[in-house]
1. Residues that are among the acidic types (Asp, Glu), at least 2 per element: which helices (runs of 4 or more DSSP H) completely within region 141-254 meet that?
2. Quick one: which of GLU159, GLU206 is charged (D, E, K, R), touching a Lys or Arg at 6+ places or on another chain (Cβ under 9 Å) and surrounded by 15 or more Cβ atoms within 10 Å (Cβ to Cβ)?
3. Just a yes or no: is a residue in region 31-49 more than 30 Å from LYS239 (Cα to Cα) and touching a helix residue (DSSP H, G or I) at 6+ places or on another chain (Cβ under 6 Å)?
4. Hey, GLU24 hits all of (1) touching a strand residue (DSSP E or B) at 6+ places or on another chain (Cβ under 8 Å); (2) acidic (Asp, Glu); (3) open to solvent by 100 Å² or more (accessible area, probe 1.4 Å) but one; which does it fall short on?
5. If we keep just the residues of region 116-148 that are free of Cβ contacts under 8 Å to residues at least 60 places away in the same chain and in contact with a Gly (Cβ under 9 Å, 6 or more places away or on another chain), which is most open to solvent (accessible area, probe 1.4 Å)?
6. What are the residues in region 209-237 that are in contact (Cβ under 8 Å) with a residue 40 or more places away in the chain and open to solvent by 70 Å² or more (accessible area, probe 1.4 Å), if any?
7. Taking region 1-14 on its own, how many of its residues are among the hydrophobic types (A, V, I, L, M, F, W, C) and either open to solvent by 80 Å² or more (accessible area, probe 1.4 Å) or within 23 Å of VAL235 (Cβ to Cβ) (or both)?
8. Looking at (1) more than 30 Å from MET217 (Cβ to Cβ); (2) of a type in the set (Phe, Trp, Tyr); (3) under 26 Å from the mean Cα position of the chain (by Cα), which is the one condition that is false for PHE194?
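The values are calculated or read from the model by the stated rules, or taken from the named source; none is laboratory data. Owing to the predicted nature of the structure, the values given are computational and were not obtained by experimental measurement. We place every Cβ from the backbone using ideal geometry, glycine too, and count neighbours over all the protein chains shown. Ligands, DNA and RNA are stripped out before the accessible areas are found, and what is left, the full protein with its side chains, is counted by its heavy atoms. Shrake-Rupley method; radii C 1.70, N 1.55, O 1.52, S 1.80 Å.
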Amino acid sequence: MKEDWINIEGDLISLKDTPKLLKELNLMQVFLRRYFEKKFIKNIEPPREEQINYQKEFMRRERILDNDDLNNWLEKNNKTEADMNKILYDSLSLEIFKKNQFNPQVERVFLDRKILLDRVSYSLMRVKSKSKATELFLRLQEEESTFSELASTFSEGIENMLNGLIGPIEFGKINLQIAERLRNSNPGQLWPPFELESWWLIIRAERFFQATLNEPMRIRLIDEMYEIWMQEKIVKVIKDLDMSFTENQKDNSI
């Protein structure tokens with residue numbers, strides 16, 4: 001059976017060994033991602049108006065205001081104008097594919113995750129000494145000083161540079177012990193010192209911000225669902241290729 005080869009500066013690479021080589025070069029995931037993307041958008045034709053708006057947004061984002069800016073961008077990125085147009089067309093096509101594939105699931109995912117997507121701003125002080133934390137807490141209770149004054153002076157964590165103010169930040173990105181207290185707080189509620197990862201913490205809830213399913217949130221959730229789905233596909237294909245390669249090695253050794 002005739003074997004196909006790729007000639008790279010005189011080095012002959014067998015096509016059947018290409019998957020193994022891609023994996024050794026840590027390029028298999030990139031290759032599969034690009035392969036799937038090409039497959040997904042094959043039959044998608046973005047409406048002309050969407051193409052124009054997408055290109056305008058790209059130009060705005062890249063600060064391309066005239067032909068000189070465009071030529072500078074093309075030179076900097078080693079692209080022709082045709083290359084750029086093709087990249088934008090394919091990128092828009094992929095966005096349309098993602099929306100078609102995952103938009104029906106967005107509302108359910110948002111509701112499932114809303115408790116983690118809600119945001120909060122809070123004040124934080126961290127010190128190593130329990131007695132110091134107790135002293136600072138009492139000073140706050142008695143309103144001898146403001147939280148920002150004490151945090152900027154006595155807090156031993158990086159929050160002292162921010163006068164102790166954290167956020168707004170999503171609950172899902174906060175330590176679970178802190179998040180639990182904040183979730184059960186009213187604005188302005190001060191919590192007694194508690195120990196966490198060798199620190200003594202004092203926190204006070206400031207403001208709460210309800211997550212809403214607006215367009216940026218919708219796009220974010222679609223992108224996250226797409227990435228999870230894509231990674232699952234890539235992992236499965238790599239696993240199948242590994243099994244196939246192992247079986248071929250066994251057959252060749254017989």
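1. The helices (runs of 4 or more DSSP H) meeting that bar are 215-253.
2. Of GLU159, GLU206, the one residue that is charged (D, E, K, R), touching a Lys or Arg at 6+ places or on another chain (Cβ under 9 Å) and surrounded by 15 or more Cβ atoms within 10 Å (Cβ to Cβ) is GLU159.
3. Scanning region 31-49, I find at least one residue that is more than 30 Å from LYS239 (Cα to Cα) and touching a helix residue (DSSP H, G or I) at 6+ places or on another chain (Cβ under 6 Å), so the answer is yes.
4. Going through (1) touching a strand residue (DSSP E or B) at 6+ places or on another chain (Cβ under 8 Å); (2) acidic (Asp, Glu); (3) open to solvent by 100 Å² or more (accessible area, probe 1.4 Å) one by one, GLU24 breaks only (1).
5. Out of the qualifying residues, it is LEU116.
6. If the condition is that a residue be in contact (Cβ under 8 Å) with a residue 40 or more places away in the chain and open to solvent by 70 Å² or more (accessible area, probe 1.4 Å), then GLN210 is the only one that fits.
7. 4
8. That leaves (3) as the condition not met.
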